[in-house]
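Engineer: Got a structure here, written out as structure tokens. Questions coming.
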């Protein structure tokens, strides 16, 4: 298994349902930046004319305070965050292992900088603790 053990954790993800119009994403990012919160991962697809923005940040409590003060509504959920080798088939091994354990993946997103040896992957699963246990077991 090619999971990077530098990162395999249960983390808090913040989700916001936003209007899909110019400046909305900038407002959220500016609010977080001014609060000293760094966005570690972001997924913002359009859903029926709205933007559903999911972020993993370095300081979730500070992010929640800043978003509340700015009047930006949000929810939180626990998700799996991991570093995966940036090689062909590495993510396949992970999802196959979860599948064998009968763990459904509701959604996942990932990012890799060109030349990086690791990819950051975020996955939403019904039972994060069970998924972490399965992935840690070699």
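Engineer: Tell me whether the range 15-29 contains one or more residues that are modelled with pLDDT under 95, out of contact with any strand residue (DSSP E or B) (no Cβ under 6 Å at 6 or more places or on another chain) and in a strand (DSSP E or B).
Structural biologist: yes
Engineer: Then there is this: For the condition modelled with pLDDT of 95 or more, in contact with a helix residue (DSSP H, G or I) (Cβ under 9 Å, 6 or more places away or on another chain) and farther than 23 Å from residue 18 by Cβ, what is the one hit in 125, 121?
Structural biologist: 125
Engineer: Of the residues that make up the range 38-50, is at least one more than 16 Å from residue 122 (Cα to Cα), crowded, with 16+ Cβ neighbours inside 10 Å and either more than 17 Å from the chain's Cα centre (by Cα) or not assigned by TED's automatic domain parsing to the domain that holds residue 125 (or both)?
Structural biologist: Within the range 38-50, none of the residues are more than 16 Å from residue 122 (Cα to Cα), crowded, with 16+ Cβ neighbours inside 10 Å and either more than 17 Å from the chain's Cα centre (by Cα) or not assigned by TED's automatic domain parsing to the domain that holds residue 125 (or both).
The values are calculated or read from the model by the stated rules, or taken from the named source; none is laboratory data. Fair warning: this is a prediction, and the values are worked out from it, not measured in the lab. Every residue, glycine as well, gets a Cβ built from its backbone with ideal geometry; the counts of neighbours run over all protein chains shown.
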